[in-house]
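Let me begin by presenting the structure, written as structure tokens, before commenting on it.
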Amino acid sequence: MRGVAQVIVNRARHPSFPNTVCGVVFQGSERAGVCQFTFACDGAMARAPERRNWLRASRIASAALNGYVFPGVGLATHYHTTAIWPRWGKRDRKSTRLNSSHLVI
């Protein structure tokens with residue numbers, strides 16, 4: 001979660017992305033299959049989150065918004081889980097660490 005939060009903050013600061021956290025998170029959500037973050041278009045927002053997970057996510061988001069930088073993420077603006085390998089990820093070698101703009105988590 002910390003890595004994702006850092007990527008979102010990094011995108012909001014980068015000129016190629018919307019300049020707000022909400023703009024970054026919901027970018028593409030108005031078009032099917034273009035979501036940047038799955039929860040923004042898969043119906044998850046209509047379901048009540050589990051309290052423990054919500055509290056954890058809230059603490060992490062608050063820290064990120066207050067300037068905490070998650071070590072190892074650097075200026076990465078892209079990430080994906082090891083369950084997928086997106087077309088844009090082929091330019092970077094698979095790693096649990098970040099490359100110049102890419103983090104695998």
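Things to note:
- Options Ala64, Ala76, Ala40: the member that is in contact with a strand residue (DSSP E or B) (Cβ under 6 Å, 6 or more places away or on another chain) and under 18 Å from Gly23 (Cα atoms): Ala76
- Residues of the range 1-10 classified as buried (at least 16 other Cβ atoms within 10 Å of the Cβ) and either aliphatic (A, V, I, L, M) or modelled with pLDDT of 95 or more (or both), total: 5
- Hey, Phe26 in contact with a Ser or Thr (Cβ under 9 Å, 6 or more places away or on another chain) and either within 18 Å of Thr77 (Cα to Cα) or open to solvent by 70 Å² or more (accessible area, probe 1.4 Å) (or both) or not: no
- Qualifying residue in the range 34-53 (condition: of a type outside the set (Asp, Glu), farther than 18 Å from Tyr79 by Cα and open to solvent by less than 30 Å² (accessible area, probe 1.4 Å)): yes
- Only a single criterion out of (1) modelled with pLDDT under 90; (2) in a helix (DSSP H, G or I); (3) in contact with a Leu (Cβ under 9 Å, 6 or more places away or on another chain) is not satisfied by Gly72, namely (2).
- Checked against (1) assigned to a loop (DSSP other than H, G, I, E, B); (2) at pLDDT 80 or above, Ser62 meets all criteria but (1).
The values are calculated or read from the model by the stated rules, or taken from the named source; none is laboratory data. As the structure is a prediction and not an experimental result, all values here were calculated from the model. Cβ coordinates were reconstructed from backbone atoms using ideal geometry, including for glycine residues, and neighbour counts include every protein chain displayed. Side chains included, ligands, DNA and RNA excluded: accessible areas come from the protein's heavy atoms. Shrake-Rupley method; radii C 1.70, N 1.55, O 1.52, S 1.80 Å.
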